[in-house]
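The values are calculated or read from the model by the stated rules, or taken from the named source; none is laboratory data. Everything numeric in this text was worked out from a predicted model, so none of it was measured. Methodologically, a virtual Cβ is constructed for each residue, glycine included, from the backbone with ideal geometry; neighbour enumeration extends over all protein chains shown. In case anyone asks, the SASA skips ligands and DNA or RNA and just uses the protein heavy atoms, side chains included. Shrake-Rupley method; radii C 1.70, N 1.55, O 1.52, S 1.80 Å.
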Amino acid sequence: MEFSELIRTRQAQAELLRGPEAPPLRGTLCVTGHHLLLSPGPQATDLWLLLLRSIDSIEKRVAGDSGTITLRCKDLRVLQLDIEGVEATLDIARSIEALSSLESVITSYPFFYRPKGLRLGDAWHFHPPESHYKRVALETDAWRLSEVLLRSSQPLIGPQKLRCAEDEELLRAVLAGARPGAWGFIVDTRSAQTAKQARMTGGGTESKAAYPGWKRLHRPLERGRPLQESFVRLVEACGDPEQSMGRWLSRLESCRWLAHVQEALSTACLAAQGMDREGACVLVHGAEGMDSTLLVTSLAQLILDPLSRTMAGFQELVEREWIQAGHPFQLRCAHSAFSHARPKHEAPTFLLFLDCVWQLGRQFPLSLEFGEGLLLALFEHAYASPFGTFLCNSEKERCLCEVRTQTHSLWSGLSQSKEQRKLRNPLYVLNPLAIWPSVEPQSLRLWQGLFLRWTRPPEHSEAVWEKVWQIVTDEEKTEDSQPVVSASEPQP
């Protein structure tokens, strides 16, 4: 299939409304295989560009001899295009609908993106999971690296209460490598009732008799459709400028998004405390081991491990615990909050993780080397990106599609010097201790930098960020210019 077959009208005269704070942009609107372009004129340098894959939903209206197309994007932007000509409006809308919903991975923009300064193959090796596992192996002789990939979710005991000798032996070996008398805790991210019902479809929970030394704790975390609906209701509330304060607070509470943040951080703290304060071994699992399990283990590592709170360490964490571990980004992030479709496999689990990390950064502003800019970038690229890092649902699919050889890595794009100022935290100081967040409701905040990003003026936050950078830069220059005084020299 050629992209040209899906483009009914290539260009039209249009006016773009980008939000209450941005001035309108008028010019020639062009449709390509992967982008919408709007150029104010042949001499203009401020070309507006939108990746079609980032469009979540499209609405069209016609009146008289013109029409309006409203684009709701996966990064939560709402754009309006006023187009001259009814036929042109309808044709462009149909073209956008077709091109923004292509299902084939190899026809997506990352396979065509060739930026200057980057080479194919660069940075795919930046954060190999093996480096983390080797570091763990050096700290204890109880583990070794193996070429067999092992992955665990719920035990498959089924209604017959079957047993798996290999699984039981593995968990015995885990306790054998711990300190004498240490217990093991199995943190199940399902409710006890849900885990019990899973037996009817082949799943279930570990038997107490078959796993001596292990205690099971149920800390249910929402996933799937309930989490997606919570996200949708929050975005709807944030996009309503006419509501009263009372109405806003009521909607914020009823969507339960901050409750999900609280539950995720609380469960991660439970797992981290078991390891740090009790010396226990902790196994976290849910149903499939690809959603809430990754959420809890990732947050627990951020709480305990100072290396995970560095720029490189956090990118390695995302690569290892989410991408390599098989979080199905292609399914979970097919749509954002505006799509009219509600497939059961969609869920903003990765966004929930990023929100929890933002909460950690807000409570410990000096302990994370990266800032809000990196979290926003990961949110945007997880849903629509010119890079191939978040493509597909598993490492097997990425290998079959040759993602690593035919697309660029996001990590290479983020490593460019011009990007670092937007991503790094200028106040960062290495903190070797664990960071224990408060999970009380009054300690958690709405992530305004994401959810209110396009409905309020960004100038103030950006100006503050630039001011902080300027202060830090000036202080570094002052320190570098100070003369070095020998201890033997007389002091004034």
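Using the rule -39500 (n - 2.57) for each DSSP H run of four or more residues, divided by the residues of the chain, the 222 nm mean residue ellipticity is -11500 deg cm²/dmol. Annotation for residue 176 and residue 193: the two label points, set 7 Å from Cα along the Cα-Cβ direction, are 4.1 nm apart.
Extending 7 Å from Cα along the Cβ direction at residue 417 and again at residue 86 yields two label points whose distance is 5.7 nm.
Legend: calculated FRET efficiency, residue 362 to residue 342, from the Cβ-Cβ distance at R0 = 22 Å, rounded to 0.05, equals 0.10. Between residue 167 and residue 4, the contour length at 0.36 nm per residue exceeds the Cα-Cα span by 53.3 nm. In order along region 342-350, phi translates into HN-Hα couplings of 9, x, 5, 7, 8, 6, x, 5, 5 Hz, rounded to whole numbers, per the Karplus curve 6.51 cos²θ - 1.76 cosθ + 1.60 with θ = phi - 60° and x for Gly and Pro. What you get for the chain, charging only the Cβ of Lys and Arg (+1) and of Asp and Glu (-1), is a dipole of about 1240 debye around the Cα centre. With distances taken between every two different alpha-carbon atoms, region 191-288 has a Kirkwood hydrodynamic radius of 16.3 Å. Compared with the direct C-alpha span, the chain from residue 253 to residue 160 gains 29.2 nm at full extension, assuming 0.36 nm per residue.
The string of couplings for region 184-197 from the Karplus curve (6.51, -1.76, 1.60, θ = phi - 60°) is x, 10, 9, 8, 9, 7, 10, 6, 4, 5, 5, 5, 5, 5 Hz, one whole number per residue in order, with x for Gly and Pro. Spherically averaged projected area of the convex hull of Cα atoms, region 321-470: 11.3 nm². Using C-alpha pairs under 8 Å with a sequence gap of at least 6, the mean separation divided by the residue count of region 363-418 gives a relative contact order of 28 percent. Per residue, the solvent-accessible area of the chain (1.4 Å probe, heavy atoms of protein chains only, all protein chains present) comes to 52 Å². For region 282-393, a crude dipole built from +1 on the beta carbon of Lys and Arg and -1 on the beta carbon of Asp and Glu, taken about the Cα centre, is about 220 debye to the nearest 20. When the Cα positions of 347, 295, 180 are compared along the charge dipole of the chain, 180 comes out farthest toward the positive end, with charges on each C-beta of Lys, Arg, Asp and Glu. Note on the chain: Cα convex hull, mean projected area over all directions, 31.5 nm².
Taking 20 Å as the cut-off, the amide N atoms of region 347-371 that come nearer than this to a point 7 Å along the Cα-to-beta-carbon line of residue 448 belong to 355-366, 371. Between the residues 411, 442, 427, the greatest Cα displacement towards the positive end of the dipole of region 362-470, with unit charges on the Cβ of Lys, Arg, Asp and Glu, is found for 427. In the chain, Cα pairs under 8 Å separated by at least six residues give a relative contact order of 17 percent. Beta bridges assigned by DSSP with both partners in the chain are antiparallel in approximately 75 percent of cases. In plain terms, the chain from residue 475 to residue 22 could stretch by 159.6 nm, reckoned as 0.36 nm per residue minus the Cα-Cα distance.
Expressed as a whole percent, the accessible area of the chain that falls on carbon and sulfur atoms is 54 (1.4 Å probe).
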